[in-house]
1. Compute the whole-percent fraction of alpha carbon pairs in segment 47-150 spaced more than 21 Å apart.
2. Residues with beta-carbon under 13 Å from that of Asn68, excluding Asn68: net charge, scoring Lys, Arg +1 and Asp, Glu -1?
3. Lys and Arg at +1, Asp and Glu at -1: add these up for the other residues within a Cβ distance under 12 Å of Leu135 and post the number.
4. Residues with beta-carbon under 15 Å from that of Arg31, excluding Arg31: net charge, scoring Lys, Arg +1 and Asp, Glu -1?
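Where a number appears in this text, it was derived from the coordinates with a stated rule and is not lab data. The model shown is predicted, which means the values in this text are computed figures rather than measured ones. Every residue, glycine as well, gets a Cβ built from its backbone with ideal geometry; the counts of neighbours run over all protein chains shown.
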Amino acid sequence: MFCPKFLCCSAVLFHSEARWLSPGKVREEIRVFLEESMHEAARKFSDEQFLMKLAYLSDVFGKLNELNLQLQGRDKHLPHLADKISAFTRKLEMWGRCLDQGNTDAFENRTELAESSDCEATTVIPCPKQHISSLMGLFQQYFPNNSAQYD
């Protein structure tokens, strides 16, 4: 039986162990868990194209999270925030052009998965292209280019 004063320590150890799992190990653990649970999504984690899309989404959500963190906090001023959003929109445009050329280097997890598997990095490009295009449209809709008002 654990002493109550050490309960927080076991939670810290668990967090520490989980933090050091590699992405490949996590994918494998999820697949094994789903197979043992007889869940219908288990076969998806053996599908290379699904994993490529999942890795791409992981990359994009990571980049969106970075932007989100940059927009939060004290002493943030509207022109500075508008610049961050404008820069991210330009990055989306650049990533779209790179995808048009078959270059997926901007998406680290996707590139790493492609290198470690038999699946070509360029085989699932239409889906990310559409998603990047959709994101650009949404950013332009929610954040129209009003930089002239800050001059």
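1. 39
2. Value of the local net charge: +2.
3. +2
4. -3
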